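Read through the structure below, which is laid out as structure tokens, and then see the notes.
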Amino acid sequence: MAKQNFWERLFPVKRDFYKMIGDQAVASTNVVGYLCRWLSNRSEEDYQLLLREADMADQCRFTMEDNLIEAFATPFDRQDIYSLSVEMDRIVEYAKSTLTEMEAFEVVEDSTIHNMVQQLKVGTDQLVEAIHLLKENPRKSQIQIGKIRKVQFGIEDEYRSGMVMLFNCSDPMHALKYREVYHHIKDAEVYLGYTTDILHKIIVRVG
């Protein structure tokens with residue numbers, strides 16, 4: 001066994017970090033997709049599918065971290081790989097907490113929640129596309145960065161408009177509940193932005 005480990009260290013098995021990042025991105029956008037579906041139908045099936053896909057995203061991150069520890073070399077800076085994975089995971093966590101808080105506070109979908117989550121799905125889909133393009137065509141990957149930024153601006157606009165309506169609401173408890181949900185979706189958008197920042201740095205370095 002010691003001899004085998006020696007040769008594995010000397011000639012390390014190539015690890016496909018592009019695929020690992022891509023797999024986590026796909027799981028992340030699937031979580032947001034199930035949140036979109038759950039908002040419209042509140043089905044137990046979509047609730048469970050979201051939680052299952054969130055677990056899958058976590059597993060992708062854990063696998064990535066294990067491989068980073070063991071890898072002799074990485075296609076780009078290992079700190080960037082780690083940070084990208086962690087920030088992406090936080091998108092999932094806030095999407096999941098949006099669902100659980102809506103259930104706990106008995107919040108129903110309104111136009112602000114609908115629009116913010118729909119745009120978040122567009123942004124995470126574009127993140128998947130950018131990551132898939134990263135290895136073979138980083139210049140095209142960079143085009144997706146601008147598209148994600150536009151999605152972020154759109155979510156922020158929806159958030160501000162929704163908050164204005166809440167501030168004008170005569171029911172303070174209603175306003176507090178909805179504000180919590182809006183803020184969780186906004187936090188998911190913020191971490192989409194952090195993820196995109198790191199991805200953009202990687203694109204500049206490998207492009």
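Look at region 114-158 and say how many of its residues are among the acidic types (Asp, Glu) and in a loop (DSSP other than H, G, I, E, B).
Count: 1.
Return the total of residues in region 29-53 being aliphatic (A, V, I, L, M), more than 13 Å from residue 108 (Cα to Cα), surrounded by fewer than 21 Cβ atoms within 10 Å (Cβ to Cβ) and touching a residue at least 40 places away in the same chain (Cβ under 8 Å).
Counting residues in region 29-53 that are aliphatic (A, V, I, L, M), more than 13 Å from residue 108 (Cα to Cα), surrounded by fewer than 21 Cβ atoms within 10 Å (Cβ to Cβ) and touching a residue at least 40 places away in the same chain (Cβ under 8 Å) gives 1.
Which of the residues spanning region 8-30 are charged (D, E, K, R) and either modelled with pLDDT under 95 or touching a strand residue (DSSP E or B) at 6+ places or on another chain (Cβ under 8 Å) (or both)?
8, 9, 14, 15, 16, 19
Would you check which residues across region 70-87 are more than 13 Å from residue 20 (Cβ to Cβ), part of a helix (DSSP H, G or I) and of a type outside the set (Gly, Ala, Ser) and list them?
79, 80, 86, 87 - these are the residues of region 70-87 that are more than 13 Å from residue 20 (Cβ to Cβ), part of a helix (DSSP H, G or I) and of a type outside the set (Gly, Ala, Ser).
Of the residues 39, 68, which is more than 17 Å from the chain's Cα centre (by Cα) and closer than 17 Å to residue 185 by Cβ?
39 is the lone residue from the list that is more than 17 Å from the chain's Cα centre (by Cα) and closer than 17 Å to residue 185 by Cβ.
Going through region 102-117 one residue at a time, which ones are within 21 Å of residue 54 (Cα to Cα) and either free of Cβ contacts under 8 Å to residues at least 60 places away in the same chain or crowded, with 17+ Cβ neighbours inside 10 Å (or both)?
Passing the criteria: 102, 103, 104, 113, 116, 117.
Within region 145-161, count every residue that is farther than 25 Å from residue 109 by Cβ and within 15 Å of the chain's Cα centre (by Cα).
Number of matching residues: 2.
Tell me yes or no: at least one residue of region 31-51 is modelled with pLDDT of 90 or more, under 16 Å from residue 131 (Cβ atoms) and part of a helix (DSSP H, G or I).
yes
Can you name the residue in region 119-157 that is surrounded by fewer than 18 Cβ atoms within 10 Å (Cβ to Cβ) and touching a residue at least 60 places away in the same chain (Cβ under 8 Å) and is also nearest to residue 57 (Cα to Cα) among such residues?
Of everything passing the filter in region 119-157, 135 is nearest to residue 57 (Cα to Cα).
Filter region 162-207 down to the residues that are without any contact (Cβ under 8 Å) to a residue 12 or more places away in the chain, surrounded by 13 or more Cβ atoms within 10 Å (Cβ to Cβ) and more than 22 Å from the chain's Cα centre (by Cα) and list them by number.
Of everything in region 162-207, those that are without any contact (Cβ under 8 Å) to a residue 12 or more places away in the chain, surrounded by 13 or more Cβ atoms within 10 Å (Cβ to Cβ) and more than 22 Å from the chain's Cα centre (by Cα) turn out to be 169, 174, 175.
Just a yes or no: is a residue in region 67-84 among the acidic types (Asp, Glu), surrounded by fewer than 16 Cβ atoms within 10 Å (Cβ to Cβ) and on the phi > 0 side of the Ramachandran plot?
no
Every residue in region 187-207 that is in contact with a Pro (Cβ under 8 Å, 6 or more places away or on another chain) and closer than 13 Å to residue 92 by Cβ, please.
Result: no residue meets the conditions.
The values are calculated or read from the model by the stated rules, or taken from the named source; none is laboratory data. Given the structure is predicted, the values throughout are model-derived calculations rather than measurements. Every residue, glycine as well, gets a Cβ built from its backbone with ideal geometry; the counts of neighbours run over all protein chains shown.
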